[in-house]
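The values are calculated or read from the model by the stated rules, or taken from the named source; none is laboratory data. Quick caveat: nothing in here was measured; it's all calculated off a predicted structure. Backbone-built Cβ (ideal geometry, glycine too); neighbour counts: all protein chains shown. When the accessible area is computed, the model is the full protein with side chains, heavy atoms only, and any ligands, DNA or RNA have been set aside. Shrake-Rupley method; radii C 1.70, N 1.55, O 1.52, S 1.80 Å.
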Amino acid sequence: MRVDRRSVLVAGTLLAASARFPAFAAAPAKPLTAAQESRIAALIRAMTLDEKLGQMTQIAGGRQIALNSRLDAAALDRVRAGRVGSFLHVAGAEPLQALQRVAVEESRLGVPLLFAMDVVHGYRTIFPVPLAMAASFDPDVPRQAARVAATEASVSGLHWTFAPMIDIARDARWGRVVEGAGEDPYLGARIAVAQIDGFQTANLAGGDAMLACAKHIGAYGAAAGGRDYDSAELSERTLRETYLAPFHAAADAGVGTMMTAFNDLAGVPTTGNAKLVRGILRQEWGYQGLVVSDWNAILELMAHGAAATPAEAAALALRASVDMDMTSDTYADHLGTAVAADPSLLPLVDEAVGRILAAKARLGLFDDPYRFGDAARESAVLGSANHRAAARRAAERSIVLLRNEGETLPIGRDRKIALIGALADDASSTLGSWRARGQADDSVTLRQALGEVANVEYVPGAAPRSDDQGGITSAVAAASRADVVVVALGEDYDFSGEARSRSDITLPGAQTALIEALRGTGKPIVAVLMNGRPLALEEALTGIPAVVETWFLGNESGHAIADVLLGQVSPAGRLPMGIPRRSGQLPMSYAHAPTGRPANPDLSVDSARYRDVDIGPLFPFGHGLSYSRFAYSSLEVSARDDGKQTRFTVAVNVRNTGSVEADEVVQLYVRVPVAGLARPVKELRGFARISLKPGQSRSVTFTLGSDQFAYWDDGWHVAAGEVECMVGASSDDIRQTAVLTLPRSYAVADGALAGAALATGVTIG
Ligand code: BGC
């Protein structure tokens with residue numbers, strides 16, 4: 001398929017090709033039929049300009065917390081007039097069937113509507129937040145979560161989710177790190193593709209799938225200082241290698257839609273960035289899917305200073321190839337003025353409408369506009385026992401054991417536990433920041449779950465949102481009566497998410513005072529972290545022997561954490577983002593470039609470090625422990641040139657040397673030590689989560705191609721020479737190394753996947 005897309009480009013027929021409304025070029029799903037294509041072309045011919053602009057308009061049918069609340073008489077009149085193509089923040093089989101009926105039966109052309117919502121990590125059954133699921137290092141976890149979410153959302157009449165969010169983020173001050181897969185483009189690309197597969201399946205018209213939306217293309221996660229919506233200033237190399245890699249992988253996987261970022265990239269707001277969206281995404285990668293703006297972002301092109309009038313803003317976004325306007329009504333109200341002034345915009349309008357209608361056709365809406373939504377099945381499907389079981393498995397697999405000195409964990413059954421911290425009983429926070437139709441009452445808290453199976457005394461002690469230290473005395477008293485203290489620490493759900501950036505990501509409220517007081521009891525302490533972002537906890541965690549990162553784990557949060565604390569489940573999640581020691585270290589990444597003066601522990605040597613904090617993160621990318629230990633041996637590499645690329649295998653043996661069955665996440669990092677420019681000190685290029693019984697060994701074989709070692713230098717290039725291969729248990733725990741040789745230098749073909757966007761093959765022996 002990649003070849004097809006390139007040949008379209010080489011022939012220079014992109015516009016002609018899109019005018020025939022081909023299927024999404026990268027989609028694994030079936031292409032549009034000739035009948036669908038001609039129906040779309042006929043509809044476009046029949047539409048007035050206002051009806052076309054209507055298709056290009058998405059309006060809010062409600063609010064995130066009050067779905068359907070804006071479906072009033074005026075909204076229905078707009079539908080009848082053909083002035084709306086899509087609604088967001090709507091849900092429910094019955095109301096959406098009724099709304100669709102207005103479009104199909106009462107508008108002139110009867111074009112069905114697209115119903116959209118942010119179904120991010122669950123619809124009614126809530127799974128762990130996306131950052132947590134990335135920590136599973138098991139793409140099947142987010143794939144299953146997306147599958148369940150699509151099954152539930154589609155039975156409720158929805159066609160389209162604004163997920164996955166695949167922005168790479170290396171600054172945990174940015175509140176939206178909770179929505180993505182963390183700092184690494186290779187992990188991010190794999191998690192992105194898994195979610196797209198889960199939402200869309202191979203058959204979007206199957207009735208239990210939905211359109212996915214890779215968002216927010218550009219460099220939204222690189223906002224300066226981690227301040228949401230702020231500018232990104234990046235080299236093209238970093239943009240291509242790091243921030244765009246998951247988007248290229250998503251386009252290749254056939255994601256049906258993409259959303260542009262709010263912010264500007266080197267001064268050009270992404271929603272009006274023709275070089276990025278029309279140039280890289282459409283022309284270079286051949287992406288034919290629907291591109292939607294973010295909320296009000298087309299009108300905001302004026303606030304950016306990119307446009308003087310709404311008509312200019314509309315023309316800018318259209319030229320950039322943004323097909324649908326989310327909520328600003330700038331296309332609906334002002335694109336007509338721009339088209340009248342410049343008729344060369346009209347073919348671009350037709351192209352955009354073609355892509356929107358193609359999305360509707362792929363969902364099967366022209367054959368049966370009511371195929372999504374089934375009121376009779378809705379209550380049986382939402383929150384079903386199977387879905388809860390999948391959510392529990394996902395929660396268990398997302399937990400990361402960060403520290404376990406003296407085998408403090410698991411806690412013995414006979415131990416008396418003091419459970420402390422308001423977060424331990426905060427059902428609402430288990431749902432995270434995008435909760436769709438999730439209910440706090442459906443969630444099991446740690447207090448509830450642990451209380452059912454262990455001898456627990458619960459005391460809130462302190463809460464993230466309060467400076468009140470009044471509860472600390474009773475917390476200390478409970479700790480003194482217990483054998484072991486389990487303290488839930490972190491942020492509540494509303495500290496992270498959109499517009500939730502923080503300059504200081506240490507523990508909020510009275511929690512620092514609480515942990516200090518608990519340390520004074522001398523009891524063994526298990527810190528259970530709950531948060532939507534990595535926090536800067538070096539001081540808070542000093543002297544705490546056991547630390548478990550539990551993020552926000554969804555409805556089954558309590559059961560999953562209790563099972564890990566009591567040893568029913570051996571944890572094996574890994575950090576998808578390093579945890580800093582202090583906020584001032586941010587942004588940070590394990591995949592930094594080497595410098596002429598590498599960080600040196602000796603302060604008398606001038607080196608690339610801060611003088612007032614130890615070098616590196618508190619816990620690095622890829623870090624995570626289990627209740628067992630693993631030995632790595634026999635690393636073997638092989639190479640074979642197939643004329644296009646050099647193909648490599650990297651095989652290693654892993655043995656469980658402990659006494660319990662557990663999972664290990666085997667990680668492959670690479671480095672090109674000499675390439676005429678500085679390449680990262682390590683880059684993830686493969687991982688495998690494997691399960692081993694005590695004493696059991698397994699081989700893990702990674703299969704790579706040399707395009708995966710390409711770097712961007714005004715095109716993708718591969719340099720002849722050595723590649724260091726590092727296999728281990730985290731980015732900072734390399735157990736085996738080997739050197740590969742790339743026999744020749746070459747340029748990767750324009751538009752082809754390269755670097756982190758490409759997947760490594762994995763075979764488990
Ligand atoms: C967010 C998007 C989201 C949209 C619709 C915006 O504010 O940036 O991620 O999909 O709202 O809810």
Look through Glu396, Glu407 and report the one residue that is touching a residue at least 12 places away in the same chain (Cβ under 8 Å) and of a type in the set (Asp, Glu). Glu396
Across segment 519-539, which residue is farthest from the ligand (Cβ to nearest atom) among those that are aliphatic (A, V, I, L, M) and out of contact with any strand residue (DSSP E or B) (no Cβ under 6 Å at 6 or more places or on another chain)? Leu537
If you go through segment 362-378, how many residues are assigned to a helix (DSSP H, G or I) and buried (at least 24 other Cβ atoms within 10 Å of the Cβ)? 1
Quick check: anything in segment 163-171 within 16 Å of the ligand (Cβ to nearest atom), buried (at least 24 other Cβ atoms within 10 Å of the Cβ) and over 13 Å from the mean Cα position of the chain (by Cα)? no
Has segment 124-145 got at least one residue that is aliphatic (A, V, I, L, M), within 18 Å of the chain's Cα centre (by Cα) and not in a helix (DSSP H, G or I)? yes
Is it true that some residue in segment 296-306 is assigned to a loop (DSSP other than H, G, I, E, B), assigned by TED's automatic domain parsing to the domain that holds Pro164, within 16 Å of the ligand (Cβ to nearest atom) and within 30 Å of Ala754 (Cα to Cα)? no
May I ask you to list the residues in segment 241-278 that are in contact (Cβ under 8 Å) with a residue 24 or more places away in the chain, open to solvent by 40 Å² or more (accessible area, probe 1.4 Å) and part of a helix (DSSP H, G or I)? Asp252
Looking for something closer than 25 Å to Ala66 by Cα and free of Cβ contacts under 8 Å to residues at least 40 places away in the same chain - is there at least one such residue anywhere in segment 423-435? yes
So for segment 343-355 (the condition being assigned by TED's automatic domain parsing to the domain that holds Gly272 and in a loop (DSSP other than H, G, I, E, B)), does at least one residue qualify? no
So, of the residues in segment 77-97 that are farther than 27 Å from Ala317 by Cβ and surrounded by 14 or more Cβ atoms within 10 Å (Cβ to Cβ), which turns out to be farthest from the ligand (Cβ to nearest atom)? Gln97
Here is a list of conditions, (1) within 24 Å of His159 (Cα to Cα); (2) open to solvent by 20 Å² or more (accessible area, probe 1.4 Å); (3) of a type in the set (Val, Ile, Thr), and Thr238 meets all of them except one; can you say which number that is? (1)
If we keep only residues of segment 642-697 that are modelled with pLDDT of 95 or more, of a type in the set (S, T, N, Q) and not in a loop (DSSP other than H, G, I, E, B), then the residue surrounded by the most Cβ atoms within 10 Å (Cβ to Cβ) is Gln667
All but one of (1) assigned to a loop (DSSP other than H, G, I, E, B); (2) open to solvent by 20 Å² or more (accessible area, probe 1.4 Å) hold for Gln283, so report the exception by its number. (1)
Check on Gly256, within 16 Å of the ligand (Cβ to nearest atom), within 18 Å of Glu351 (Cα to Cα) and out of contact with any His (no Cβ under 9 Å at 6 or more places or on another chain): yes
Name the one entry in Glu516, Glu539 that is without any contact (Cβ under 8 Å) to a residue 12 or more places away in the chain and more than 22 Å from Arg170 (Cβ to Cβ). Glu516
Test each condition in (1) open to solvent by less than 50 Å² (accessible area, probe 1.4 Å); (2) in contact (Cβ under 8 Å) with a residue 60 or more places away in the chain for Ala307 and report the one that comes out false. (2)
If you check Arg679, Arg689, which single one turns out to be within 30 Å of Gly567 (Cβ to Cβ) and either touching a residue at least 60 places away in the same chain (Cβ under 8 Å) or aliphatic (A, V, I, L, M) (or both)? Arg689
What are the residue pairs meeting all of these: first residue in segment 74-89, first residue at positive phi, second residue within 16 Å of the ligand (Cβ to nearest atom) and open to solvent by 10 Å² or more (accessible area, probe 1.4 Å), Cβ atoms under 6 Å, and 6 or more apart or on different chains? His89/Ala60; His89/Arg63; His89/Gln64; His89/Leu67
State yes or no: is Ala150 in a loop (DSSP other than H, G, I, E, B), at pLDDT 95 or above and crowded, with 24+ Cβ neighbours inside 10 Å? no
Out of (1) more than 16 Å from the ligand (Cβ to nearest atom); (2) open to solvent by 10 Å² or more (accessible area, probe 1.4 Å); (3) in contact with a helix residue (DSSP H, G or I) (Cβ under 6 Å, 6 or more places away or on another chain), the odd one out for Gln195 is which? (1)
If you scan segment 153-180, which residues turn out to be in a loop (DSSP other than H, G, I, E, B) and either under 18 Å from Ile126 (Cβ atoms) or at pLDDT below 95 (or both)? Ser156, Leu158, Phe162, Ala163, Pro164, Gly180
Answer with yes or no whether Ala103 is more than 16 Å from the ligand (Cβ to nearest atom) and farther than 21 Å from Gln439 by Cβ. yes
